[in-house]
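The values are calculated or read from the model by the stated rules, or taken from the named source; none is laboratory data. What you see is a predicted model, and the numbers here were worked out from it, not measured in a lab. Methodologically, a virtual Cβ is constructed for each residue, glycine included, from the backbone with ideal geometry; neighbour enumeration extends over all protein chains shown.
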Amino acid sequence: MATINPYLNFNGKAEEAFKYYQSILGGELFIQKMKGAPGTETLSAAEQERVMHVALPVGNNVLMASDCLESMGHRATEGNNYYISLSPDSRDEADRIFQALAEGGTIEMPLEDMFWGDYFGSLKDRFGIQWMINYKNTDS
């Protein structure tokens, strides 16, 4: 069975928001900045300090987020500032779910092995709901 977690997008406020959420909900905060990712050397100093990924465990779930990069054409507005992040139990299940959700939708990032070690892709389904499929790659 897969797990589902909410994924939020912010316009430069992800770290501030999550420190606030942590002050209310508790938990250990994980923050990774854009400057830690390959290929971000050309970003402005301000965008390098934006959050690439932040996670806050809440019970058996994880609240996650990132900051949008305006230089890459991303904008956080109501309606696109969230994703449903789905973590299937296998790579095959990740492929099956991704392809099914992509039918009639728009693939934002194809499923592929990522630099952080997981198999990841994102899309908007035919109903306008945004999904992230992330399989914790144990095949390599």
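Brief remarks on what is shown
- Any hit, the stretch 109-120, residues being over 22 Å from GLU15 (Cα atoms), modelled with pLDDT of 90 or more, in contact with a Gly (Cβ under 8 Å, 6 or more places away or on another chain) and in a helix (DSSP H, G or I): no
- Subset of the stretch 10-35 [touching a helix residue (DSSP H, G or I) at 6+ places or on another chain (Cβ under 6 Å) and part of a helix (DSSP H, G or I)]: MET34, LYS35
- Some residue of the stretch 22-31 being surrounded by 13 or more Cβ atoms within 10 Å (Cβ to Cβ) and within 15 Å of the chain's Cα centre (by Cα): yes
- Scope the stretch 41-72; condition over 25 Å from LEU86 (Cβ atoms) and either of a type in the set (Asp, Glu) or at pLDDT below 90 (or both); matching residues: GLU41, GLU47, GLU49, GLU70, SER71
- Test result for TYR83, modelled with pLDDT of 95 or more and crowded, with 19+ Cβ neighbours inside 10 Å: no
- All positions within the stretch 61-108 that are touching a residue at least 40 places away in the same chain (Cβ under 8 Å) and either touching a Gly at 6+ places or on another chain (Cβ under 6 Å) or of a type in the set (S, T, N, Q) (or both): ASN61, SER66, ASP67, ASN80, ASN81, SER85, SER87, SER90
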